[in-house]
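Q: Sharing a structure here in structure tokens format.
The values are calculated or read from the model by the stated rules, or taken from the named source; none is laboratory data. Worth saying up front: this structure is predicted, and the values here are computed from it rather than measured. No Cβ is skipped: glycine too gets one built from the backbone with ideal geometry, and neighbour counts run over all protein chains shown.
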Amino acid sequence: MRTTGRGALVIWATAVAVYLLAVFHRTSLGVAGLQAAHRFGINAAALGTFTVLQIGVYAAMQVPTGLLVDRFGPRRVLTAAALCMGLGQVLFAVATTYPLALVARGVLGLGDALTFVSVLRLVAAHYPPRKYAILSSVTAALGQLGNLLATVPLTFLLANAGWTATFAIAGAATAAYSLVVLLRVRDTPEGEQHPRPATALRDVIGQVRVAWRVPGTRLGFWVHFSTMFSPGVLGLLWGYPYLVQAHGFSPAGAGSVLSLLVFVAMVTGPVIGQLMGRWPHSRVPMVAGFLLAAVVVWAVLLGWPGAPGPVVAVAFAVLAVGGPLSGVAFALARDYNPIHRVGTATGVVNVGGFTATTVSALGVGLLIGGDTAAAGLGTFRTAFLAVAAILLLGTWRTAVWWRRARAAVFAAETRGDEVPVRIRRRPWDIPAEQEAAAS
């Protein structure tokens, strides 16, 4: 039997705290970007490389993380995650050269990458399936508290305690917390999971290829790609410099606007989770509505020179909904793949948003160029064209694979197969089915 009482709650809460710390460390550079540029003597492109490296490591590790959790159990992987994040942040605190700082962010990204999949595995092991969707949404929402800590409180600490003390304390506390994980977390209600035999590389590649061929997996990839990267780019690195230098916000004011990314995600996350559970056919239409709103928001930010502060704040709040909506991608991976392949499909889907974040963050840095502190409104408007391009690409591919996934569902119904979600035929589904049959 699964644990559903106080013991399961303690295990879940202990694991969620690691995810909260992961989000904090991931987003800590968002309000420290200008100080980092000064400390290491780097330009905007080099500053963007911090995020590119960290998120790139995260994206590259998603499928391997699923394999590690399957083999060694979430308790061991979460413990290693806390240790890696703590070590990486302490190293970042004492680094005075750019190469060493890059190594530190890479180690931090490795620990971050090991976290979320491990927490979801613990939820699946200790709670019944009917609670999985809501607990997954609540986990993501609570993780945003880490983002909140990385805005106003971190800004205050950096201003008063300094760079080295702030990041060293954060890193040491995270490393120490790994002992709590080791003592309090259990892989299953029965106890510790014994390590399983290693999987051959050929078999791993085959599993990834099979998952990628499923239209629902491909749709999930592009949903994740297009929904989560806008708040990711703003919260991880470029939102703070944009608000301060392009719109003249004070450091505290910029931190407050960035905190909207957190508050909105925390409030809307559980609501979106409930909607997905009750009306699964509404999942992709919700994504489509958000993408339309995101296109409008970026058109306003790029096309309205000197937009008023309240307009900018509302724009950030709208874009923040993309974080919780990216959870639709994991639901698609779960529904359109057999249970033995869900972990692989989830890892594949999770690569999407972090790939988009990596590419767009690098693009913004390259387009800014030169001295980050000298960038003004015109420079940021040009640089954020990289974000707009990624958004349009993701919206287009999401639309393409939405049609193809619907065509696959209708084809399965025609064959008499069981389908994950009952959907109503629309006029545009007929050419999609013909396209699928032709391919």
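Q: Any residue that is at pLDDT below 80, in a helix (DSSP H, G or I), at negative phi and of a type outside the set (Ser, Thr, Tyr) - is there at least one of those in region 152-171?
A: Within region 152-171, one or more residues are at pLDDT below 80, in a helix (DSSP H, G or I), at negative phi and of a type outside the set (Ser, Thr, Tyr).
Q: Can you run down the residue pairs with Cβ atoms below 7 Å, 6 or more apart or on separate chains, where the first is in region 388-401 and of a type in the set (D, E, K, R) and the partner is modelled with pLDDT of 95 or more?
A: Going by the 7 Å Cβ cut-off, the qualifying pairs are Arg397/Trp222.
Q: Regarding Phe249, is this residue in a loop (DSSP other than H, G, I, E, B), at pLDDT 85 or above and farther than 19 Å from Leu292 by Cβ?
A: Yes.
Q: In the list Phe380, Phe410, which residue meets the criterion of being farther than 20 Å from Arg213 by Cα and modelled with pLDDT of 75 or more?
A: So the residue among Phe380, Phe410 that is farther than 20 Å from Arg213 by Cα and modelled with pLDDT of 75 or more is Phe380.
Q: Further question: Tell me the residue from Arg424, Arg397, Arg415 that is at pLDDT 90 or above and either basic (Lys, Arg) or at positive phi (or both), please.
A: So the residue among Arg424, Arg397, Arg415 that is at pLDDT 90 or above and either basic (Lys, Arg) or at positive phi (or both) is Arg397.
Q: Still on this structure: So, in region 30-63, how many residues would count as being surrounded by 23 or more Cβ atoms within 10 Å (Cβ to Cβ), in contact with a Phe, Trp or Tyr (Cβ under 6 Å, 6 or more places away or on another chain) and not small (Gly, Ala, Ser)?
A: Summing the residues that are surrounded by 23 or more Cβ atoms within 10 Å (Cβ to Cβ), in contact with a Phe, Trp or Tyr (Cβ under 6 Å, 6 or more places away or on another chain) and not small (Gly, Ala, Ser) in region 30-63 gives 3.
Q: When you check Gly352 against the structure, is it more than 17 Å from the chain's Cα centre (by Cα), of a type outside the set (Phe, Trp, Tyr), in the same structural domain as Val297 (by TED's automatic domain parsing) and under 21 Å from Leu393 (Cβ atoms), yes or no?
A: no
Q: Exactly one of (1) touching a Lys or Arg at 6+ places or on another chain (Cβ under 8 Å); (2) surrounded by 20 or more Cβ atoms within 10 Å (Cβ to Cβ) is unmet by Ala265. Its number?
A: (1)
Q: For Thr217, work out the one condition from (1) surrounded by fewer than 24 Cβ atoms within 10 Å (Cβ to Cβ); (2) among the polar types (S, T, N, Q); (3) touching a helix residue (DSSP H, G or I) at 6+ places or on another chain (Cβ under 6 Å) it doesn't fulfil.
A: Only one criterion is unmet by Thr217, namely (1).
Q: Among the residues of region 69-98, which ones are more than 30 Å from Glu192 (Cβ to Cβ) and outside any helix (DSSP H, G or I)?
A: Result: Ala95, Thr96, Thr97.
Q: When you look at Ala124, is it more than 24 Å from Ala329 (Cα to Cα) and in a helix (DSSP H, G or I), yes or no?
A: When the stated conditions are applied, Ala124 does not pass them.
Q: Please report, ordered by residue number, the helices (runs of 4 or more DSSP H) entirely within region 285-353 with at least 1 residues that are more than 30 Å from Gly206 (Cα to Cα) and not basic (Lys, Arg).
A: 309-320, 322-325
Q: Right, another one. Which numbered condition in (1) assigned to a helix (DSSP H, G or I); (2) over 20 Å from Ala125 (Cβ atoms) is the only one that Ile42 fails?
A: (1)
Q: With respect to Ala333, determine if the residue is more than 21 Å from Gly56 (Cβ to Cβ), more than 17 Å from the chain's Cα centre (by Cα) and in the same structural domain as Phe229 (by TED's automatic domain parsing).
A: no
Q: From the set of residues in region 285-318 that are in contact (Cβ under 8 Å) with a residue 60 or more places away in the chain and not hydrophobic (A, V, I, L, M, F, W, C), which is surrounded by the most Cβ atoms within 10 Å (Cβ to Cβ)?
A: Gly309
Residue-by-condition table, conditions (1) aliphatic (A, V, I, L, M); (2) touching a residue at least 60 places away in the same chain (Cβ under 8 Å):
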| site | (1), (2) |
| --- | --- |
| His38 | no, yes |
| Gly48 | no, yes |
| Tyr58 | no, yes |
| Thr79 | no, yes |
| Ala93 | yes, yes |
| Tyr98 | no, no |
| Val107 | yes, no |
| Leu114 | yes, no |
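Q: Next up: Can you name the condition, by its number, that Thr199 falls short on among (1) in a loop (DSSP other than H, G, I, E, B); (2) of a type in the set (Val, Ile, Thr); (3) modelled with pLDDT of 85 or more?
A: (3)
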